[in-house]
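The values are calculated or read from the model by the stated rules, or taken from the named source; none is laboratory data. Bear in mind the structure is a predicted one, so any value in this text is a computation, not a measurement. Neighbour counts run over all protein chains shown; Cβ positions are idealised from the backbone, glycine included. With ligands, DNA and RNA removed, areas are computed over all heavy atoms of the protein, side chains included. Shrake-Rupley method; radii C 1.70, N 1.55, O 1.52, S 1.80 Å.
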Amino acid sequence: MLLKKLRAEEFLDLVAASSIIRPGVARSGMMHEYIIRFRNPEKRQYIHPRMQDLMQETFGIMVYQEDVIKVAHFFAGLSLAEADSLRRGMSGKYRSRDEFARAREAFIRGCRERGYSEEVTLEVWRQIESFAGYSFSKGHSASYAVESYQSLFLKAHYPLEFMVGVINNFGGFYQTEFYVHEARMAGGIIQAPCVNHSEWLSRIMGKQIFLGLGLMAELEHKTAARLIKERNANGPFLSLADFTSRVEIAIEQLRLLIHVGAFRFTGKRKKELLWEILNLMGHQKATRVVPELFLQESPDIELPPLSQSRFDDAMDEIRILGFPLCSPFDLLPEEEQAPGLLAADLPLLQGRHIEITGYYVCRKPTRTIRGETMYFATFLDRNGRFFDTIHFPPAAAQFPFRGKGCYRIRGRVNIEFDFPGIEVGFMEKLPFHKEMRVA
């Protein structure tokens, strides 16, 4: 959002962005002011001519720790030692109330000695104080910007490889589900774990991305290791019977692999494979690997029709992977399937009150000046595109988030610096299809 508002085009824009996004700068209002001055040169005003000399690069706004030192030394006349004490006093690691108070007194005294007005002095100090505990040095911001730019380059030119790398990181701001989603939006064909193609980590084969066995809840690492070792040594598995004769595995682990779809190469449905386990293993709790000259397939048994719906598959995927591999919107009741507004429509609806359905991604809590809780949140629309919402305290209290799922959202579209957001006035979580609610 910030990069779009800034219209960032150069590396130094990224350096500044990585600093002004910090809570202290954002909460003080200086991030908003920086965006205005960045986009509109005619609105670059300086509180004092001396500040123009010192803060030309950042349009009169303190963005880095070095800016604070420059202002304290050259504007207020503090010695470099005192200016550095001020910097350390602002740091969460070294913060000392007494040290900070002494630095404030020295700053205000120095400004008075130089004849600055009380209004100018207090405003400059307010900007310094807003940095407390949150400021970055420029070198720190630059190191973040380097990594951001490198990641941006890789994601732009090698999107599938990059997203698989992020998935295999097993961490990040977002849940794995949304890195998988991003890979899908970049043209990746997402495949559930497979005993013949998956490794412990997710892997890419052309445009196909086979999710790793390590993403499966409750699958033991030693089981996956045995499976992979046997496959690498003696070739892909030909059937469930072939698998059970070659891999030592507990029956619960085998069922887990069946439920996630790891034996779909057999062409058999999950319920058929679960019956086949009984035929192959009887009441054994684990397979017994006995080398045989010829593969003995299990005898065919006539089974009644066994139903298997997309809702069954989705429930299995949510239970084992933590998310469905289909669109979550496909799991809503029929009456909620009608097309509606999309994220792409929002830039044309400034000031309008709208209704949109979104799949919850994440939220960021914050507090107002009065100490009330509010949220900034992100959702996906039916086309898989992101949109942002703002939940002011009354809406945040009346319409709380109720976990993962799809939400009906009503609110007013507010476009700031060409970036749309929805000021939420109503929100409710939508139930999944009745077949998804069967225990």
Sequence ranges 397-406, 187-196, ranked by mean other-Cβ count within 10 angstrom, highest first: 187-196, 397-406
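Sort 225-234, 51-60 for me by packing, meaning the mean count of neighbouring Cβ atoms within 10 Å per residue, highest on top.
51-60, 225-234
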With -39,500 (n - 2.57) per DSSP H segment of 4 or more residues and division by the full residue count of the chain, the 222 nm estimate, nearest 500 deg cm²/dmol, is -12500 deg cm²/dmol
In nanometres, what is the gap between the two model label sites at residue 271 and residue 401, each 7 Å from Cα along Cα-to-Cβ? 3.7 nm
Listed candidates [x] 55; [y] 37; [z] 47 - label of the one calculated as percent of Cα pairs over 32 Å apart: [x]
Rel. contact order, % - alpha carbon contacts under 8 angstrom, at least six apart, the stretch 197-260: 25 percent
Determine the gain in length on full extension of the stretch residue 81-residue 326; use 0.36 nm per residue of separation and subtract their C-alpha separation, reporting nm with one decimal. 82.2 nm
For the Cα atoms of the chain, what angle does the longest principal axis make with the long axis of helix 118-130, in degrees from 0 to 90, nearest 10? 20 degrees
To the nearest 10 degrees, how steeply does helix 270-281 sit against the main Cα axis of the chain, on a 0 to 90 scale? 60 degrees
Once you have the Cα-Cα distance between residue 386 and residue 345, take 0.36 nm times their residue separation minus that, and quote the gain in nm to one decimal. 13.6 nm
Residues of the stretch 265-420: accessible area per residue with a 1.4 Å probe, Å²: 60 Å²
Over 32 Å between alpha carbons, listed pairs 4/70; 207/434; 271/364; 222/271; 155/268; 155/404: 207/434; 271/364; 155/268
Quick one: if you stick a label point 7 Å off each Cα along the C-beta vector at residue 174 and residue 415, how many nm between them? 2.4 nm
Among 176, 151, 234 - extreme Cα towards positive end, dipole of the stretch 115-253, charges at beta-carbon: 234
Put a dot 7 Å past each Cα toward the Cβ at residue 66 and residue 288; how far apart are the dots in nm? 7.3 nm
What order do you get for 327-333, 252-258 when each peptide is scored by the mean count of other beta carbon atoms within 10 Å, highest first? 252-258, 327-333
Whose amide H sits under 5 Å from the amide H of residue 425, counting only residues 5 or more places off or on another chain, with H placed in the peptide plane? 410, 411, 412
Helix 251-260 sits at what angle to the longest principal axis of the chain, using alpha carbons and giving 0 to 90 degrees rounded to 10? 70 degrees
Just subtract the alpha-carbon distance of residue 281 and residue 123 from 0.36 nm times their residue separation and send over the number in nm, one decimal. 49.1 nm
